[in-house]
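Below: one structure, written as structure tokens.
The values are calculated or read from the model by the stated rules, or taken from the named source; none is laboratory data. Just so you know, these numbers come straight off a predicted model, no measurement behind them. Positions of Cβ are backbone-derived with ideal geometry, glycine not excepted, and every protein chain shown enters the neighbour counts.
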Amino acid sequence: IGSLVQKLQARWLIAVLALLFVIWAIARPVAFLALWLTPDQQGRIWFERGDYARAAGAFDDPRWRAISLYADESFSDAALAFSQYQDAGSLLARGNALAHAREYLDARDVYLELQARFPEHPAPAINLPIIQALIDANRQLSESQQSETGDLSSEQDEGPRSSEGDERLSMLEREQYS
């Protein structure tokens, strides 16, 4: 009988420990995953689940971190992360991230670099006219605002570095079409 009790106690102990382990895994899935998966594997799981911010924080791989930041719409951080790479795909992603961050002059510069370094790449032919139209629209908006306020200081710059007036531009466009 003593041997039977010891076996039951051992089985109970194993069952209780297994149950506690399962409860811990459910209550703290990140800690549970950290036991078994590398940071890049964890990042991939978060990325595939659509939790891009958590994926960016988990990845050790800088390229996957950049991709996650872009997917999370953290465009300024994504552009910075892509800046360490000089391949065509990374230059395009960096230019796109800068454009989404409304840093149009910087985006244009990256697209021009992409065009110069990879002349066969089709993206600059599409993106450069779009980004130049945005730059021109911002410059026109800035000039019209300067003339309205009487600020006629002549800047030799190409206009604002970013879309400081994009919201006002959209408002003006809505007024024109209504």
Subset of the stretch 1-53, residues surrounded by 11 or more Cβ atoms within 10 Å (Cβ to Cβ) and small (Gly, Ala, Ser), comes to Ala25, Ala34, Gly43, Ala53
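To keep it simple, each residue is scored yes or no on (1) among the β-branched types (Val, Ile, Thr); (2) more than 14 Å from the chain's Cα centre (by Cα); (3) part of a helix (DSSP H, G or I).
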| residue | (1), (2), (3) |
| --- | --- |
| Leu19 | no, yes, yes |
| Phe32 | no, yes, yes |
| Ala56 | no, no, yes |
| Asp60 | no, yes, no |
For Arg161, indicate whether it is in a helix (DSSP H, G or I), at pLDDT below 95 and among the charged types (D, E, K, R).
-> no
Q.
Quick check on Ala78: is it surrounded by 15 or more Cβ atoms within 10 Å (Cβ to Cβ) and within 24 Å of Ile45 (Cβ to Cβ)?
A. yes
Scanning the stretch 31-59 residue by residue, those touching a residue at least 12 places away in the same chain (Cβ under 8 Å) and of a type in the set (Lys, Arg) turn out to be Arg44
### Message
Against the definition (farther than 30 Å from Arg44 by Cα and either part of a loop (DSSP other than H, G, I, E, B) or under 19 Å from the mean Cα position of the chain (by Cα) (or both)), how does Glu120 come out, yes or no?
### Response
yes
How many residues of the stretch 83-125 are free of Cβ contacts under 8 Å to residues at least 24 places away in the same chain, surrounded by fewer than 21 Cβ atoms within 10 Å (Cβ to Cβ), of a type outside the set (D, E, K, R) and over 20 Å from Arg65 (Cβ atoms)? The answer is 6
On the basis of being in contact with a helix residue (DSSP H, G or I) (Cβ under 7 Å, 6 or more places away or on another chain), surrounded by 14 or more Cβ atoms within 10 Å (Cβ to Cβ) and over 30 Å from Arg102 (Cβ atoms), does Leu69 make the cut?
no
Flagged in the stretch 78-103 as under 12 Å from the mean Cα position of the chain (by Cα) and not in a helix (DSSP H, G or I), in numbering order, are Ala101
When restricted to Asp106, Asp136, the only residue acidic (Asp, Glu), over 28 Å from Arg44 (Cα atoms) and either in contact with a Leu (Cβ under 8 Å, 6 or more places away or on another chain) or outside any helix (DSSP H, G or I) (or both) is Asp106
